[in-house]
Amino acid sequence: QVQLVESGGALVQAGGSLRLSCAASGRTLSTYGTGWFRRAPGKERDFVAGISGSGAYTDYADSVKGRFTISRDNAKNTVYLQMNSLKPEDTAVYYCASRVTSGLYLLPSQYTYWGQGTQVTVSS
């Protein structure tokens, strides 16, 4: 069993930056594919970024490419999402998710473990 805990969400002005963290306990994340998703009010949970277990492969939603960076520190059992040039449309609850295989996965249904989410609010 893996427990995921997100942190780092906050209220920030447009153009600002935040770094979200996803800390895992229970098992090592080093072989787990991990992703970040977000859910804006009234919308579906959307893929934001994904990273393979080794960290060698990453993928991003078109809406965040060039602004967000996903990374991982397997020694700390933590995955990060660096968010720069934030826009009001980035406002959402952000979730991290993992699964036991190490590839890249874009669909929420492909993930087994989920965190509780962290709120990001970007003011204009």
Under 13 Å between alpha carbons, and skipping anything fewer than 8 positions from Lys65 in its own chain: which aspartates and glutamates qualify? Asp90
About its Cα centre, what dipole magnitude does the range 19-124 give when the only charges are +1 on Lys and Arg Cβ and -1 on Asp and Glu Cβ, stated in debye to the nearest 20? 180
C-alpha center-to-center spacing [the range 55-107, the range 1-37] in angstrom: 8
A chain fully extended from Leu107 to Gln3 at 0.36 nm per residue, minus the present Cα-Cα distance, gains in nm 35.5 nm
Over the chain, with the other protein chains present, what is the accessible area per residue in square angstrom, probe 1.4 angstrom? 48
According to a simple spin-label model (label point 7 Å from Cα along Cα-to-Cβ), what is the distance in nm between Ser85 and Gln119? 2.8
Label points 7 Å out from Cα along the Cβ direction at Ala75 and Asp62: separation in nm? 3.9
Mind checking which lysines have their C-alpha under 23 Å from Lys76, skipping anything on the same chain fewer than 8 residues away? none
Counting only protein heavy atoms, what percent of the accessible surface of the range 1-80 is carbon or sulfur at a 1.4 Å probe? 47
Quick one, can you get me the convex hull of the C-alpha atoms of the chain expressed as volume per residue in Å³? 88
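The values are calculated or read from the model by the stated rules, or taken from the named source; none is laboratory data. Just so you know, these numbers come straight off a predicted model, no measurement behind them. Here the Cβ is made from the backbone with ideal geometry for all residues, glycine too, and neighbour counts use every protein chain on show. Protein only, heavy atoms only, side chains kept; ligands, DNA and RNA dropped before computing areas. Shrake-Rupley method; radii C 1.70, N 1.55, O 1.52, S 1.80 Å.
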